[in-house]
Amino acid sequence: MNDLRYRNYLLLFLLSAVWSLLLFHYWSYDYGVYYNQAVNLSDDFRLYSGVFDTKGPLYFLFINKLSKIIGVGIIQSYLTLCITVCLFFTSIYYIASTKTKKNFFLLFFFFISMLHQQNVNISLPLFQFAIQILSFFFLMESFERKHLKNFNISCFLFILSFFTKIDVIVYLPVYLLRIFFFKDIKIKAYSIILFLVQILLIFLFLSYALDFSLEDFWWHNYIFNSNASAGAWFREPFLKIFNSPFHIYVLMFTGVMVIFVEIFNEVLKKQKINFLNIFKQNSSTIKFIFQILIILMGGFIWLWSGTDKNYHVLMITLPLIFFISYNFQALDKSSFKIIFFYLLTFFFFLITLYPDTKNVITNKCWKKQIYCNQINQYSGLIEDLKKHKSDDRDIFVIGSYAGWEYLLSDKKIHKSVTHYMLYVDILYDGKRIELEMPQYLIDDYNELIKKNKGFVFWIETDLVNSVNTKKKGLVASKKLLQLLSISKQTENLGKYYRYEIR
């Protein structure tokens, strides 16, 4: 049996390694931000004090510490992504394998099919849910055995998930409700106190490791997102998701919703739910109710997010995946349905892996990046940076390509690469709205405009072209207009212009 476990874990890593080849095809922006800034964290380049990001610190810490072991580079960024994806797959496998010993190959096909039409921008959500799905698992197990121990483990994992991305707070009521199911008032009090102590200790550890304050964390993860979401991101809660059929397509046709409905139907048959006597029902029924609550809360945050971006479908997909993995035993039967599920998930397994990974392997994109999809548009900037002889601290790339241009040109990052919002304003109903940005980004900008005549910097062409637009959306900010007024373009490098102070 152990040999089979080792084989299955090896298969999980192999699947992760093959899917992660997408990195070399898309060079995705979000993952580039996480990786390239995390590996450069230092005393003078700190999260929320030099690194501008609106996500929690845990994934940055994970990447940074991993880079101390495996090093920094293109191949290392790929290995980091492999490990991230494998953690996610392993969490699902661990849960499902505790419930059944059948249909593991169906599970492996399902892993890839549910990532259909995604790119590696989903790295942080996958890392978060690798933790969160285990938190849900131990929460359910706390109704069966070792009540307090499993609940405390669940809370610990939930807090780690929260410090990865705070939107997981939507599930907090589930944990509070679980506390009320403890019969002893002392245990209830103990659980609440321990939960708060865990939050404090984890925050103190992360803030010490990455040197940030509670104010830094709160402003970047909540205040900025709250202020920017309505204008900059153009959210339309409960509506925008349905502007595009993509989310529904992913849910209905990749096997996620089909398998969920099948399992839900099988599990529901075994339950006799009486909502008037919820506290007197058996543990199986209570667990089922809690799982439904988790799905409803995931559905709420999905609809409330008001975005139809591809990777945001994970907000609803992931609670469904937990339900599927936790109740995977419901598929432990031989039938025409199982054959259908295999065919469905295997189809999406193939079309998700084959086309892009074939291109990566054929073109050896890990060696010849300029020939592979998006990165070839930035080859001019990369070559120019390689030839640029100056201290890395004096490199200013306005509208950075997630930091990949630094890594590919062997330059070290000393400034946040996510400063885009400093150089754009929101044009809404004819009014220009300037976003509030942290002082360290403004200090970098002030340093740039005070440079001597002839100082070279680079700026994304789309930012320059936004000067003359009058459309609703993001337009050139007053800071960008000021910068352009004191500088001149010296060369067109494709997606970037080279400028110099005049």
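The values are calculated or read from the model by the stated rules, or taken from the named source; none is laboratory data. It should be emphasised that the depicted structure is a prediction, and the values quoted were computed from it without experimental measurement. Here Cβ is always computed from backbone atoms with ideal geometry, including for glycine, and neighbour counts include all displayed protein chains.
Some observations on this one:
- Flag for Tyr48 being assigned by TED's automatic domain parsing to the domain that holds His312 and modelled with pLDDT of 95 or more: no
- Only one entry of Tyr34, Tyr48 meets the criterion of being crowded, with 22+ Cβ neighbours inside 10 Å, within 19 Å of Ile413 (Cα to Cα) and touching a Leu at 6+ places or on another chain (Cβ under 7 Å), and that entry is Tyr34.
- Scanning the range 299-314 for residues that are closer than 16 Å to Ile169 by Cα and of a type in the set (Ser, Thr, Tyr) returns a single hit, Ser305.
- Listed conditions (1) modelled with pLDDT under 90; (2) polar (S, T, N, Q); (3) within 25 Å of the chain's Cα centre (by Cα) are all met by Ser477, apart from (3).
- Test for Trp27: is it within 20 Å of Leu407 (Cβ to Cβ), of a type in the set (Phe, Trp, Tyr) and not assigned by TED's automatic domain parsing to the domain that holds Gly399: yes
- Total residues in the range 28-72 satisfying the condition of being among the β-branched types (Val, Ile, Thr) and not in a helix (DSSP H, G or I): the figure is 4.
- Cβ pairs under 7 Å, 6+ apart, first in the range 239-258 and over 14 Å from Gln118 (Cβ atoms), second modelled with pLDDT of 80 or more and small (Gly, Ala, Ser): Gly255/Ser113
- Set side by side, the residues Leu407, Leu448, Leu435 differ, and just one is within 28 Å of Gly73 (Cβ to Cβ) and either surrounded by 18 or more Cβ atoms within 10 Å (Cβ to Cβ) or of a type outside the set (Lys, Arg) (or both), which is Leu407.
- Considering (1) surrounded by fewer than 20 Cβ atoms within 10 Å (Cβ to Cβ); (2) within 15 Å of Ser16 (Cα to Cα), the lone condition that Phe108 does not fulfil carries the number (1).
- Any pair with Cβ under 9 angstrom, 6 or more apart, that starts in the range 476-502 at a residue that is on the phi > 0 side of the Ramachandran plot and in the same structural domain as Ile442 (by TED's automatic domain parsing) and ends at one that is outside any loop (DSSP other than H, G, I, E, B) and hydroxyl-bearing (Ser, Thr, Tyr): Gly494/Tyr378; Gly494/Ser379; Gly494/Thr461
- Conditions (1) surrounded by fewer than 15 Cβ atoms within 10 Å (Cβ to Cβ); (2) outside any helix (DSSP H, G or I); (3) over 22 Å from the mean Cα position of the chain (by Cα): number failed by Pro237: (3)
- Scanning the range 456-466 for residues that are touching a residue at least 60 places away in the same chain (Cβ under 8 Å) and out of contact with any helix residue (DSSP H, G or I) (no Cβ under 7 Å at 6 or more places or on another chain) yields a count of 4.
- Taking first residues from the range 430-451 that are farther than 13 Å from Ile486 by Cα and in the same structural domain as Lys488 (by TED's automatic domain parsing) and partners that are of a type in the set (Asp, Glu) and crowded, with 17+ Cβ neighbours inside 10 Å, the Cβ contacts under 8 Å between residues at least 6 apart in sequence or on separate chains come to Arg432/Asp425; Ile433/Asp425; Glu434/Asp425; Leu435/Asp425.
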